[in-house]
Amino acid sequence: MNRISISQAWSYATGFFAGQGTNHAIVLIGMGIAVPLILQLALGGSAAMSDPMAFAAGGGFAAMGALAILVSLVNYVLQTGSYFASWRIGLTNGAEPLGGAIGYGMIAALPVLLLVIVVVLVFGLLAFLLFGGAFAPMLMGGQPSEGAMAGVGLTMLVLIPLFMLFMLWVAARFCCMGPIMADRRSYNVLMGLGESWRMTSASQWKIFAYFLLLGIALMVILTILGAIVGVSMFAGGGAPSGGSFIGLLVGALLLSIPMAYLQVGVPAGLYRALGGSGNERDVFA
């Protein structure tokens, strides 16, 4: 059974990027953040921000519907691929060439994307089975009853917090999937899930508490940043200006960088603290 020290896991997480900082920055900031942002702006984002009314009048938003979905999928692969590349770089201490790590990450992200699509479809089906009856009259042009809507509201009020806690526990059990796959240079998502489930078994509630504390801290930080950005955008009582949108864009970029490092470093630290393969001195030099 694998038991864990949270302080040790955090120490491994913060030290994961030492020694290969440039390569980590290339994949996490360049490949995972900058390239998706450029794609988003190049394929209509900038046009909509500069003149949204003209863009809509020309049918731009309708034409962008399918393209937006495709761009979102590509961006997801780029972002997830950057995580796998970073894990591969760190877990081999740079023995994997940068190009090889990027190539591995891009391919490893594809089965993860397929898994995410399957999970979303399953949860969507469950949501339809639970709440579809209440909204069925709307699909037929009518209005749901007040009693049905009240029942749905009360049910969601109870289920949403429970669902969030459940998903946090699931994240705790499967948190090592990515590092396991990267360490073994594997594309087998099911193997990663199964091995992570085994590794986290003895310390699942400690990891759950770890994630809960991180989530609360991030929520407080996001709330403060959101308030600051909101005040700056609407300073002076007028509509948000172009400069405000640029400030919002820069703020989102600055926030996404530490988030990317957290999403790589925390699972890598947990994997190593749980006894992941590799020599500690070599892996986290």
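The values are calculated or read from the model by the stated rules, or taken from the named source; none is laboratory data. Remember, it's a predicted structure, so these values are computed and weren't measured experimentally. In this analysis, Cβ positions are derived from the backbone assuming ideal geometry, glycine residues included, and neighbour counts consider all displayed protein chains. Remember, those area values only see protein heavy atoms, side chains included, never the ligands or the DNA or RNA. Shrake-Rupley method; radii C 1.70, N 1.55, O 1.52, S 1.80 Å.
What's the number of the condition Arg185 fails, among (1) touching a Leu at 6+ places or on another chain (Cβ under 8 Å); (2) at pLDDT 95 or above?
Every listed condition holds for Arg185 apart from (1).
Take the stretch 1-36 and flag every residue that is open to solvent by 50 Å² or more (accessible area, probe 1.4 Å) and either under 24 Å from Ile69 (Cβ atoms) or not in a loop (DSSP other than H, G, I, E, B) (or both).
Across the stretch 1-36, the qualifying residues are Ser7, Gln8, Trp10, Ser11, Thr14, Thr22, Ile26, Ile29, Val35.
Give me a count of the residues in the stretch 104-139 that are modelled with pLDDT under 70 and in contact with a Gly (Cβ under 8 Å, 6 or more places away or on another chain).
Here the count works out to 1.
Does any residue in the stretch 195-220 that is closer than 22 Å to Met259 by Cα and free of Cβ contacts under 8 Å to residues at least 24 places away in the same chain come within less than 8 Å, Cβ to Cβ, of a residue that is open to solvent by 50 Å² or more (accessible area, probe 1.4 Å) and of a type in the set (Ser, Thr, Tyr) six or more places away or on a different chain, and which pairs are these?
Taking only residues 6 or more apart or on different chains, not a single pair turns up.
Of the conditions (1) open to solvent by 20 Å² or more (accessible area, probe 1.4 Å); (2) more than 25 Å from Arg184 (Cα to Cα); (3) modelled with pLDDT of 85 or more, Tyr76 clears all except one; give me its number.
Every listed condition holds for Tyr76 apart from (2).
Filter the stretch 95-115 for residues that are outside any helix (DSSP H, G or I) and surrounded by 17 or more Cβ atoms within 10 Å (Cβ to Cβ) and give the result. So that I can check it myself, show each step before the final result.
Keep residues of the stretch 95-115 that are outside any helix (DSSP H, G or I), which gives 95-97.
Correct list: Glu96 only.
Looking only at the stretch 188-203, which residues are part of a loop (DSSP other than H, G, I, E, B) and either surrounded by 15 or more Cβ atoms within 10 Å (Cβ to Cβ) or in contact with a Ser or Thr (Cβ under 9 Å, 6 or more places away or on another chain) (or both)?
Our first condition is that a residue be part of a loop (DSSP other than H, G, I, E, B); within the stretch 188-203, this holds for 188, 200-203.
The answer is Thr200, Ser203.
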